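To start, the structure under review is shown below, and the notes come after it.
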Amino acid sequence: MEVLTQGCRDPAQLPVSRLRQGNLFMSSCPDEYRDCFGKGTSVMSFVYRTVLDVLHRSGLARASRGTCRGVGVVFMLHRVLPATFSAASTTGTAGDAFAPNAGLAITPEFLDAAIAITRQQGYDIIPLREVPARLAAAREGKARRPFAAFTLDDGYRDNMEHAWEVFRRHEAPFTIFVAPAYADGEGELWWDALEQVIRANDVLHCDLPGLPRSIPMVSAADKQAAWDMLYPAIRYMDEHAQREFIIRFAARHGVDVHQQCRELIMDWNELREIAADELCDIGAHTLHHRALARTPEDEARHEMAASRQRLQQELGVAADMLAYPYGDADSAGPREFALARELGFTLALTTRKGHLYAEHADHLTALPRLSLNGFYQQPHYLDVLLSGLPFLLYNRFRRLNVA
């Protein structure tokens, strides 16, 4: 610490990139998020890409398809943006060195390629609601061709502006998971708000325990370091305290969180328009986009049920499929899987990584997904992921990860 603070009267005023050199703040982001958010993004992405490259160039992925590939996959997307945005940041422009949310966005061109590659590998692209029947058939030994379903979380407006035409061109069905508070324009996309706050300011004023009161940001590296500190601290707050904090923190730094929500998310009229397309289905994403496992059971139940009811009222859809917000093991577990069954959802999706196997027919409210991630927009990466081998390695050769 002495080396870091030479020439500085108050260590709390140090640029955060220097603080990080002393390992004073370590991100606790789980593996599910390290390829999208938080400290170590560049390192972990490099490691993941290296593994995928090795599996591709060695031929192991192609050779293992017959033994590792599941009976189907569910793709997970969030945003679809032109390269001028998604190549760097979901709130900035191409060339920005600070791009913490870039993993959430893929380009329309990569989505187009992903659909084509999936079909070239023999997958049927099906509506998500057909997945239970396909899994039941697989369990009975009557599996046909492998299948794939496309899903998009949160209802970003770019789903309509850039993804919709790609799906229509390929006649590929898709499901959008919507949190009604977002469609109302009253939700808090706190990860987007945090990026915008850091991007727009040179100094952050923070009142979180254990963090500097003032965080100067001289460079893009400082901004990334500030993100690395703040992201895990906010991510793992109490759900209600988290939203109260981000509204107050963002406003203090010139960002209106709810105005940002209205700018980024489709409103009810736009959702009605896209939902009228027979290719599009709408699923529930809880009422306020809560990490359900960190809420009391009654609140979790209400978040699920009220989300479906509101979607039914506004859009006239069944909304009988659910995607758990965040979806990792810390956000949705056995209690949430049981609640989804109790409430009558036909299926529910996590963000746990993996293919679908026949055994998943008995675990329809704990299904894994395959993320189409902005850091891996290369056809050969998708080719490897569709082999199933990386996920079996990741899951230590377990087909099911439902605990």
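Key figures for this structure:
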{"item": "GNM result for the chain, Cα springs below 10 Å: residue of PRO108, PRO100, PRO82 fluctuating most strongly", "result": "PRO82"}
{"item": "Residue-by-residue Karplus 3J(HN,Hα) for segment 205-220, coefficients 6.51, -1.76, 1.60, Hz, glycine and proline x", "result": "10, 10, 10, 7, x, x, 10, x, 5, 10, 10, x, 10, 7, 9, 4"}
{"item": "In order through segment 309-321: 3J(HN,Hα) via Karplus (6.51 cos²θ - 1.76 cosθ + 1.60), integer Hz, x for Gly, Pro", "result": "4, 5, 5, 4, 5, 7, 10, x, 10, 5, 6, 9, 10"}
{"item": "Virtual spin-label span in nm between ALA133 and GLU165, 7 Å along Cα→Cβ", "result": "3.3 nm"}
{"item": "Gain on full stretching of the segment that runs from SER219 to ASP330 - 0.36 nm per residue minus C-alpha separation", "result": "36.7 nm"}
{"item": "Structure-derived Cα extents along the principal axes in Å - corresponding label in [x] 72, 52, 38; [y] 64, 50, 37; [z] 89, 72, 48", "result": "[x]"}
{"item": "For segment 245-306: rounded, prolate or oblate by the Cα gyration tensor [a/c cutoff 1.5]", "result": "oblate"}
{"item": "Tensor-based shape of segment 235-361 (alpha-carbon gyration tensor, a/c under 1.5 rounded, otherwise prolate or oblate)", "result": "oblate"}
{"item": "Packing-based exposure ordering (other Cβ within 10 Å, fewest first) of TRP164, TRP227", "result": "TRP164, TRP227"}
{"item": "Shape category assigned to segment 105-185 from the gyration tensor of Cα positions, a/c cut at 1.5", "result": "oblate"}
{"item": "Long-range HN-HN contacts of TYR357 with modeled amide H, under 5 Å", "result": "VAL71"}
{"item": "Label point distance in nm, LEU208-ARG262, each placed 7 Å from Cα along Cα→Cβ", "result": "2.8 nm"}
{"item": "Cut-off 14 Å between beta-carbons: net charge of the residues surrounding GLN121, Lys and Arg +1, Asp and Glu -1", "result": "+3"}
{"item": "Within a Gaussian network of the chain (alpha carbon springs, distance under 10 Å), most fluctuating of GLU140, GLU278, GLU263", "result": "GLU140"}
{"item": "Euclidean distance between Cα centres, segment 133-192 to segment 283-353, Å", "result": "15 Å"}
{"item": "Footprinting exposure proxy for ILE246, ILE265 (fewest neighbouring C-beta atoms within 10 Å first)", "result": "ILE246, ILE265"}
{"item": "Most to least packed among 180-192, 53-65 [average Cβ atoms within 10 Å]", "result": "180-192, 53-65"}
{"item": "Virtual paramagnetic centre 7 Å along Cα→Cβ of SER58, amide N under 18 Å, in segment 364-403", "result": "380-398"}
{"item": "Taking LYS142, LYS353, LYS223 and counting other C-beta atoms within 10 Å, the order from fewest to most", "result": "LYS142, LYS353, LYS223"}
{"item": "Point-to-point label distance, ARG398-ARG157, nm (Cα→Cβ direction, 7 Å offset)", "result": "4.2 nm"}
{"item": "Estimated FRET transfer efficiency when R0 is 56 angstrom, pair ARG65-ARG272 (beta carbons, to 0.05)", "result": "0.85"}
{"item": "3J(HN,Hα) from dihedral phi, segment 394-402, Karplus parametrisation 6.51/-1.76/1.60, rounded to Hz, x for glycine, proline", "result": "4, 8, 6, 6, 8, 6, 10, 9, 10"}
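No lab work stands behind these numbers, since they all come straight from the coordinates. Keep in mind it's a predicted model, so treat the numbers as computed, not measured. Every residue, glycine as well, gets a Cβ built from its backbone with ideal geometry; the counts of neighbours run over all protein chains shown.
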